[in-house]
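See below for the structure under consideration.
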Amino acid sequence: MVYLRRKVEFCASHRLFNAALSDEENAAIYGRCANPSGHGHNYTLEVTVRGKMDPRTAMVIDLKKLKEIIVEEIIERVDHKNLNTDVDFLRGVIPTSENLVVSFWRILEKRLKGICELYEVRLWETENNVVFYRGEEEEVVRHGAR
Ligand code: NI
């Protein structure tokens with residue numbers, strides 16, 4: 001089994017808050033990330049797939065093809081967007097990095113079915129903060145959860 005990883009960058013803004021909580025509760029939980037006007041990040045998304053090499057091409061998947069899928073399914077929908085309001089698949093979802101990787105996983109796993117196996121979705125929010133998901137049991141957390 002061989003693993004391949006493709007890296008893609010995007011910029012987006014968000015505000016972290018749970019609509020079910022008071023302003024004070026949100027400020028206590030999320031700090032400055034709950035500021036009403038929001039803030040932006042330069043995100044780096046790394047998608048890792050794995051599979052057996054095609055005996056004819058010696059490739060698991062053409063990395064150019066993998067990049068096209070990531071761009072089409074994720075980047076075009078989130079780049080230069082407000083993650084709280086502009087992205088259909090994030091409606092009602094609190095846009096933490098945790099929720100983003102789980103949401104991205106759902107989309108990419110479906111799209112890659114029959115091509116190769118999705119192994120990991122890794123999202124760098126800053127140089128120091130990285131969150132990754134490998135498809136183990138988890139659900140997105142939506143506004144309204146308390
Ligand atoms: Ni943030």
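None of the figures in this text is laboratory data; all of them are computed from the coordinates on show. It should be emphasised that the depicted structure is a prediction, and the values quoted were computed from it without experimental measurement. Virtual Cβ from ideal backbone geometry, glycine too; neighbours counted across all protein chains shown.
Within the shell of other residues whose beta carbon sits under 13 angstrom from the beta carbon of Glu68, the net charge comes to +1, with Lys and Arg scored +1 and Asp and Glu -1. Hey, with R₀ at 22 Å, roughly what FRET efficiency would Asn128 and Arg5 work out to, going by the Cβ-Cβ distance, to 0.05? According to the calculation, E is roughly 0.65. In this label model, Thr57 and Thr85 are separated by 4.2 nm, measuring between points 7 Å along each Cα→Cβ vector.
Amide hydrogen proximity for Ala12: with H placed 1.01 Å from N in the peptide plane, the residues at 5 or more positions away or on another chain lying under 5 Å are His41, Tyr43, His80. With neighbours defined as other Cβ atoms within 10 Å of a residue's Cβ, the residues Cys116, Cys33, Cys11 order from fewest to most as Cys11, Cys33, Cys116.
For segment 30-90, trypsin sites (Lys or Arg not before Pro) meeting the loop criterion (DSSP other than H, G, I, E, B) and having at most 15 other Cβ atoms within 10 Å: Lys52, Arg56.
Using the Cβ-Cβ distance between Ala20 and Glu136 with R0 = 25 Å, the FRET efficiency computed as 1/(1 + (r/R0)^6) comes to roughly 0.45. Under 5 Å between amide hydrogens, built in the peptide plane, is the criterion, and for Glu117 it picks out Arg50 among residues at least 5 positions away or on other chains.
Among beta bridges from DSSP that stay inside the chain, the antiparallel ones total about 95%. Residues His14, His41, His143, ranked from the fewest to the most other C-beta atoms within 10 Å, line up as His143, His41, His14.
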